[in-house]
């Protein structure tokens, strides 16, 4: 049913494309920033990162996969005088995130694709899981649009979002949805933010998820638990698989430091999996 819904949605053209700046805290105490895009029509939306979409589209065919391998080789590989080969992936076009969100009003659900630890997975959830309270006397301006604030408790965080009735589309960044206007700004406790930086009319097709066969259906909370376990035990898990690796972290001066623990209560945008008793 999920595949059918996403395939049907893929034939729809978007009406609007929005660019968002995102930020969230990582386990090193730093704020990580990124750029995401939203394609939206009156009935459907697709949230993604442009570079990640390009990489996945290229890797979805044997020819494209070979081409991408050569691109990474040329941009990231260094051969030392002694013949040692090293890769610096920061030099190449590497995926920024594995997260994609497809939202469909007719199906009253959204589908989230992501990588959880070592595994690629997806899950669906009903749109009814997010309920808002509109605060009409709280107004701000984003991209010259007057926006009204609304609040929601969703999957372990308290959200404030600002939407504009001038653009009556019920979508926003990430999984945020359900307001009578496009969400142009949102923030949650803990330092998670989305701010629209650009908006344009478009007739771009909302393409389906590439390489869907690589994704298995997962339970959201179990997948998040597994991802946290992998984040805190990656070296041990990889060595148990016979890979013989040593994982370490460095500070800004390049000195080796102890890797901090990943704690979903602080570092995950959906910490409710940690709150279950």
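Helix content alone sets the calculated 222 nm mean residue ellipticity of the chain: runs of n ≥ 4 DSSP H residues at -39500 (n - 2.57) each, divided across all residues, give -7000 deg cm²/dmol. Residues 110, 182, 51 in ascending order of nearby Cβ atoms (within 10 Å, fewest first): 51, 110, 182. Here each label is just a point 7 Å from Cα along the line to Cβ, and for residue 212 and residue 42 those points are 2.6 nm apart.
Is the chain best put as rounded, prolate or oblate by its Cα gyration tensor, with a ≥ b ≥ c the root eigenvalues, rounded for a/c under 1.5, and otherwise prolate when a/b is larger than b/c, oblate when not? Verdict is prolate for the chain.
Residue separation of residue 21 and residue 151 scaled by 0.36 nm, minus their Cα-Cα distance, works out to 44.8 nm of gained length. If you take the Cα centroid of segment 204-232 and the Cα centroid of segment 128-192, the two points sit 25 Å apart. Neighbour counts of other Cβ atoms within 10 Å put 225, 74 in the fewest-to-most order 74, 225. Based on the alpha-carbon gyration tensor of segment 141-211 and its eigenvalue square roots a ≥ b ≥ c, which shape applies: rounded if a/c is under 1.5, prolate if not and a/b is larger than b/c, or oblate? Because a/c hits 1.5 or more and a/b fails to exceed b/c, segment 141-211 counts as oblate.
The stretch between residue 125 and residue 141, if pulled fully straight at 0.36 nm per residue, gains 2.7 nm over its current Cα-Cα span. Of the residues 231, 150, 106, which exhibits the maximal mean-square fluctuation in a Gaussian network model of the chain defined by a 10 Å Cα contact cut-off? Per the Cα network of the chain with a 10 Å cutoff, 106 tops the list.
The residues 115, 65, 46, when put in order of fewest to most other Cβ atoms within 10 Å, stand as 65, 115, 46.
Coordinate-derived values only; no laboratory data. Here the structure is a predicted model, which means the values were calculated and not measured. Every residue, glycine among them, receives a Cβ derived from its backbone with ideal geometry; neighbour counts consider all protein chains shown.
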